[in-house]
Structure formats: C-alpha cells, structure tokens
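Following: one structure in structure tokens, then a few remarks.
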C-alpha cells in the first residue's frame, strides 16, 4: 500500500536538536529567557502496520524525550501485534481464521467497538467486515483480471457489520466466511494512543505520524505544524496546506492501492455494492481524534462530491475532497494556509 498522501514540512530533524526559539516563545512576559531551558528534539522512523511511521517530539530533558520515544515504540508494536493483517499470529488474524476470539486484547476491543459505532451511525457506509471483498479483488488481480460480478456478489454476502458480535471480551462472526480489515481505522487509533502516551509523559510538542497524523504544541520552527495535502494524480504536487492547530488529520485516496490502472477499482469498498465508490479520488478529514478522522474518510468517500461537505458538517469535522476530474473543495472551517 502506498504512503498516506500528506507531507509534513518539518523534515530533516536531527536526532537531538536544541531549539531555543520554541522555548523563548513559551516564556512568560516577565520571565527571563535564561529561565527557559531549550527544547531537545528527537525523532524516530519505523515500518509498522503496513506503512512508514515517524514521530517527532521535544522535551527539555533529552533523556526523558528518548524514554518517551521508547514508550511509543512499545505502544506501536502492541497495536501491531493485535491488529495487523501482515502478522499471522496477530489477534486479528486469529479472529479471521477461527471466526471467534475469546479474551480479545483491550486495544482491539476498543477499535472494534468504535468501528461498530461509526458503522451504525453511517448506516453501514463504514464497515470493517469488507475484507472478503478485498480478498476477491486481490485474488483476481493475481490472475491479471478483475473479479466477475458473481465473485463480487459472493464476497459481498459475507460482508455486514451486523454480523460482527462483541460480548464482553469475546468477538465472533455470526456466519462463516466473514473477515475483518482494520486498515481503515487502526492507524488512526494508533496515532491517538501515541499522542495520549506522550501527553501522559509530559511531552507538550510532538507530531505523530502513524499513517494518520496527530499534533501537539508547535514544531521546532516558528508557527504551527503544517501539512501539505497531496494531489492523488500529480506526483508530489500539493493541493493545499493545512495548519494542525493541535488536531488530527487523515486521508484516503484511490491511488494508494489499485486493482485497475484507471483508479476505478481500489481498496476503498462500498459495502452496499461491493465495488469502489466512483465519484471521489481523495478525502482528507480533520477531527479532534485521529481514529474519527481515519474512519470518516471512508464514510465521506461514499457520499460523493456534492454531499461530502454537508456530511462532514453533520459529523462535526472538517474535510477536503477531490473528485475524479481533479476538482477539490474544502470545509470553511479547515485551516488552510
């Protein structure tokens, strides 16, 4: 799967960089500058959950900043152990194999419960049980073709969020052949978890890139954390820049995993039809939590160009959407730069 279509503008950060300007900006009007120790910035990049992740954070104590990084690395591995489709021994893969998972780990339960809430409110526009559709399209792709209408219909009969049952810490499918993918929500959940971890450790300035973005405080340079929204068709072309304002940002685009060269068939499925929605090529959502932003990119994808922004307002989030012809529009409240 291709990297998420955002580029943040604070790249090239050293492993431990003292940024006196940030500390100075935080000083009170009557407080001498010397009383504010400089921030020590550190960063880490790793591959996890099918994507490249990067964390940047700062603290006045370099050793504490490193401890915070190590804690977030452990959190990422824990989430991956539970939710990865790439690890046969993950809790998610065990559920998909056996159809039941007893004593499901807490993070997996939390993600599934959130997914079910979004599914119910969106009337099934968001549905983590679409994995059989992905498997049908992927099997056909390996044979150099698209799946037949019969194959799609067969896979769609195994899809339906109401067929996922959660009781206590036991998760099961109500019919055989069902399977879950959390690729549309797990990265957002991970970003939130990492941000919460950093806050609990006294980190006030950070950018979490776990496939979706969550911001804290300010970057090492002046101003706000600012991300560029990439065009789904132009290589490295930016449509707009967005100031994070301490919020979270997620994007889904039809070029991230395609089953046909024309981008008509891709990894985002309409659970009601079994095929990809046809109107939009990219959806970006800003919300208070990354898990909400992540899930709602798929909900808004189903809405189409005309209904996208009204739907974003109904959910209390901001959005930027791009149609198949390259036109784009954004919510009035999205902080474009």
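What the table shows:
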{"quantity": "Tally, over the range 184-200, of residues that are crowded, with 23+ Cβ neighbours inside 10 Å and either out of contact with any helix residue (DSSP H, G or I) (no Cβ under 8 Å at 6 or more places or on another chain) or assigned to a strand (DSSP E or B) (or both)", "calculated": "0"}
{"quantity": "Test: residue in the range 258-267 that is without any contact (Cβ under 8 Å) to a residue 12 or more places away in the chain, more than 21 Å from the chain's Cα centre (by Cα) and closer than 27 Å to residue 48 by Cβ", "calculated": "no"}
{"quantity": "All strands (runs of 3 or more DSSP E) inside the range 1-86 with 3 or more residues being modelled with pLDDT under 50 and closer than 23 Å to residue 226 by Cβ", "calculated": "6-8, 17-19"}
{"quantity": "Residue check for residue 287: under 28 Å from residue 113 (Cβ atoms) and buried (at least 20 other Cβ atoms within 10 Å of the Cβ)", "calculated": "yes"}
{"quantity": "Unmet requirement for residue 203, which otherwise passes all of (1) touching a helix residue (DSSP H, G or I) at 6+ places or on another chain (Cβ under 8 Å); (2) farther than 22 Å from residue 92 by Cβ; (3) outside any loop (DSSP other than H, G, I, E, B)", "calculated": "(3)"}
{"quantity": "Subset of the range 290-308 [closer than 23 Å to residue 243 by Cβ and in contact with a strand residue (DSSP E or B) (Cβ under 6 Å, 6 or more places away or on another chain)]", "calculated": "290, 293, 294, 296, 297, 300, 308"}
{"quantity": "Subset tally (residues that are farther than 30 Å from residue 145 by Cβ and in a loop (DSSP other than H, G, I, E, B)) for the range 244-296", "calculated": "6"}
{"quantity": "Answer residue from the range 213-227, given it is touching a helix residue (DSSP H, G or I) at 6+ places or on another chain (Cβ under 7 Å) and part of a loop (DSSP other than H, G, I, E, B) and is farthest from residue 57 (Cα to Cα) among those", "calculated": "222"}
{"quantity": "Residue list for the range 302-323, filter: farther than 19 Å from residue 238 by Cβ and not in a helix (DSSP H, G or I)", "calculated": "316, 317"}
{"quantity": "Which listed residue, of 210, 230, is within 19 Å of the chain's Cα centre (by Cα), more than 22 Å from residue 58 (Cα to Cα) and surrounded by 24 or more Cβ atoms within 10 Å (Cβ to Cβ)", "calculated": "230"}
{"quantity": "Identity of the residue in the range 97-136, outside any helix (DSSP H, G or I) and free of Cβ contacts under 8 Å to residues at least 60 places away in the same chain, that ends up surrounded by the fewest Cβ atoms within 10 Å (Cβ to Cβ)", "calculated": "123"}
{"quantity": "Condition met for residue 323 (touching a residue at least 60 places away in the same chain (Cβ under 8 Å) and either on the phi > 0 side of the Ramachandran plot or in contact with a helix residue (DSSP H, G or I) (Cβ under 9 Å, 6 or more places away or on another chain) (or both))", "calculated": "no"}
{"quantity": "Residues being part of a loop (DSSP other than H, G, I, E, B) and touching a strand residue (DSSP E or B) at 6+ places or on another chain (Cβ under 9 Å) - total across the range 232-243", "calculated": "4"}
{"quantity": "Considering residues of the range 144-163 that are surrounded by 15 or more Cβ atoms within 10 Å (Cβ to Cβ) and within 15 Å of residue 179 (Cβ to Cβ) only, the residue farthest from the chain's Cα centre (by Cα)", "calculated": "154"}
{"quantity": "Residue ID - nearest to residue 329 (Cα to Cα), chosen from residues in the range 258-274 that are out of contact with any helix residue (DSSP H, G or I) (no Cβ under 7 Å at 6 or more places or on another chain) and crowded, with 16+ Cβ neighbours inside 10 Å", "calculated": "263"}
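The values are calculated or read from the model by the stated rules, or taken from the named source; none is laboratory data. Keep in mind that what you see is a predicted model, and the values were worked out from it rather than measured. Cβ atoms come from the backbone with ideal geometry, glycine included; neighbour counts cover every protein chain shown.
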